[in-house]
Amino acid sequence: MTHDEHSIPPGADEATVDAVGKLSEALETTERARGHLYSFHQLTGQADLQLGEAARMLREAGHEEEAAGLETEIVGRNVIPGHWTFQIVEAYDDTYHRPFSEAEKQVRERLLGGRRHLHEAEMKRRRRTPGHPDHTMGPGAQD
């Protein structure tokens, strides 16, 4: 990233930068939600594998009825009707996350020439100490 990539393009005003910044912040929140969804997916899968192991151990300990009941009723069960967690992740990605991401990018392209994090770059400009080696605008910058 060059310094120019974080400069407000000609014709863009502060209100537009702030509005697109809020849009990007909303997208970042969906990224966090998506990460939690993947955690849910992986944790649920891990629990199902552990459950299968518990059923095997119960069977080995002489508890066939309990093991069979868990294997029949819970192991491999849908987490919501008709869905395993991977299907929920895929539906979220296809129905919500990908369209949201594409819309955010289109707005940034139209209004800010595709430049990212301009709101944050402006905040950095305001909060830095010019000339301080740990407050430069970018890597290798001597400003």
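What are the residues in segment 80-120 that are of a type in the set (V, I, T) and either more than 16 Å from the chain's Cα centre (by Cα) or open to solvent by 60 Å² or more (accessible area, probe 1.4 Å) (or both), if any? Residues satisfying the conditions are I80, T85, T95, V107. Somewhere in segment 67-79, is a residue acidic (D, E) and open to solvent by less than 80 Å² (accessible area, probe 1.4 Å)? Within segment 67-79 (the criterion being acidic (D, E) and open to solvent by less than 80 Å² (accessible area, probe 1.4 Å)), the answer is yes, since at least one residue qualifies. For segment 46-59, the criterion of being more than 30 Å from P10 (Cβ to Cβ), under 23 Å from the mean Cα position of the chain (by Cα) and loosely packed, with under 14 Cβ neighbours inside 10 Å is met by at least one residue.
Please determine whether any residue of segment 121-137 is open to solvent by 40 Å² or more (accessible area, probe 1.4 Å) and under 20 Å from the mean Cα position of the chain (by Cα). No, because not a single residue in segment 121-137 is open to solvent by 40 Å² or more (accessible area, probe 1.4 Å) and under 20 Å from the mean Cα position of the chain (by Cα).
Report, by residue number, each residue of segment 106-143 that is in contact with a Lys or Arg (Cβ under 6 Å, 6 or more places away or on another chain) and at positive phi. G114, the sole residue that qualifies.
Take E5 and decide whether it is closer than 30 Å to R126 by Cβ and in contact with a Lys or Arg (Cβ under 7 Å, 6 or more places away or on another chain). Yes, satisfied.
The values are calculated or read from the model by the stated rules, or taken from the named source; none is laboratory data. From a predicted model like this one, the values you see are computed outputs, not experimental measurements. Don't worry about glycine lacking a Cβ; one is built from the backbone with ideal geometry, like all the others, and counts go over all protein chains shown. Only protein heavy atoms, including side chains, enter the accessible area calculation; ligands, DNA and RNA are left aside. Shrake-Rupley method; radii C 1.70, N 1.55, O 1.52, S 1.80 Å.
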